[in-house]
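Data block below; observations after.
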Amino acid sequence: MSPDFRSQIQGHRAYLLRYASLQLRSPEAAEDAVQETLLAALAGGSGFAGRSNLRTWLTGILKHKIVDAIRRSSREQPLEPDESGDEMGEFDALFKQNGHWVDRPPAWDDPDAALERQQFLAALEKCLEGLPKRTARAFLMREHLGCDTGEICQELGVTPTHCWVLLYRARMALGQCLEQGWFGPGREKGPRT
Amino acid sequence: MNCKEVTRLVSQRLDRELALGERAALRLHFALCEGCRNVQKQFEFLRRAVRRLGEGGGDGPWS
């Protein structure tokens, strides 16, 4: 292995650690997953040959390590249920007695343009960190790691119905968080660069 | 179906195949309710946005 490849890989360490921490919510587990990823990358460097983007390749390995870590931890120490449990009362304030909107959710102005802005990704990360643990775990497994509901239910030890509740709760909470922190009126589409 | 119920289905639509009746109910509701159409767009956007976190392009905290 060339020292050059080794230092290139090390250069992505901080990024990988951030990525793993967001999903695992445990500095030790994140550190372990990244360590395993870097070792696997060094051992399998030839697998990278010719691929365009080193970070994308490393992130791909890390995703597998994160899923492994989730499996291990769900066996050893299942996450406590979030305080809100199965109740969805937290969104009651958005709806009238008859179940229709109090305030109609507005259309976001060109949200995909926000994806090009680092401040937006940081704001999204902050919103994710604000979610209860299990809710965040379910959501990131689904949308980020691409797991299906069955897999999520198994790892979290919940029924499919509960799983859909968790995913619903995550989406509603993130929508509200981004509305307040980025897309809402008076926000001028996030902080100025 | 009211907006509260519709938002739950809009979410589940991203996670499971809806039954024919559920799909029809959504279509009908969307025709009349801009708020729920916006929520659907928001949920779909969230999916794209969260995937972007891992792609690692650009420069900044995520690069």
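Values for this structure:
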| quantity | calculated |
| --- | --- |
| Solvent-free Debye scattering, log10 I(q)/I(0), computed from the Cα coordinates of the protein assembly as shown at q = 0.14 Å⁻¹ | -1.00 |
| Between the range A:160-180 and the range A:2-79, the Cα center-to-center distance that results, in Å | 27 |
| 30 Å Cα cut-off, lysine pairs counted over the protein assembly as shown (separation 8 or more, or different chains) | 19 |
| Whole-number percent relative contact order across the range A:89-183, with pairs defined as alpha carbons under 8 Å at least 6 apart | 27 |
| For the range B:7-48 versus the range A:119-134, the gap between their alpha-carbon centres in whole angstrom | 23 |
| For A:9-18, mean number of other protein chain Cβ atoms within 10 Å | 1 |
| Spin-label model distance (nm) - B:Arg51 vs A:Asp112, 7 Å beyond Cα toward Cβ | 1.2 |
| Relative contact order %, the range A:3-76, counting alpha carbon pairs below 8 Å whose residues are six or more apart | 34 |
| Percent RCO, i.e. relative contact order, over chain A, from Cα pairs under 8 Å lying at least 6 residues apart | 19 |
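A short reminder: the numbers here are calculations on the coordinates, not readings from a lab. The shown structure was predicted, so the numbers you read here are calculated from the model rather than taken from an experiment. Ideal geometry is used to build each Cβ from the backbone, glycine not excepted, and the neighbour counts take in all protein chains shown.
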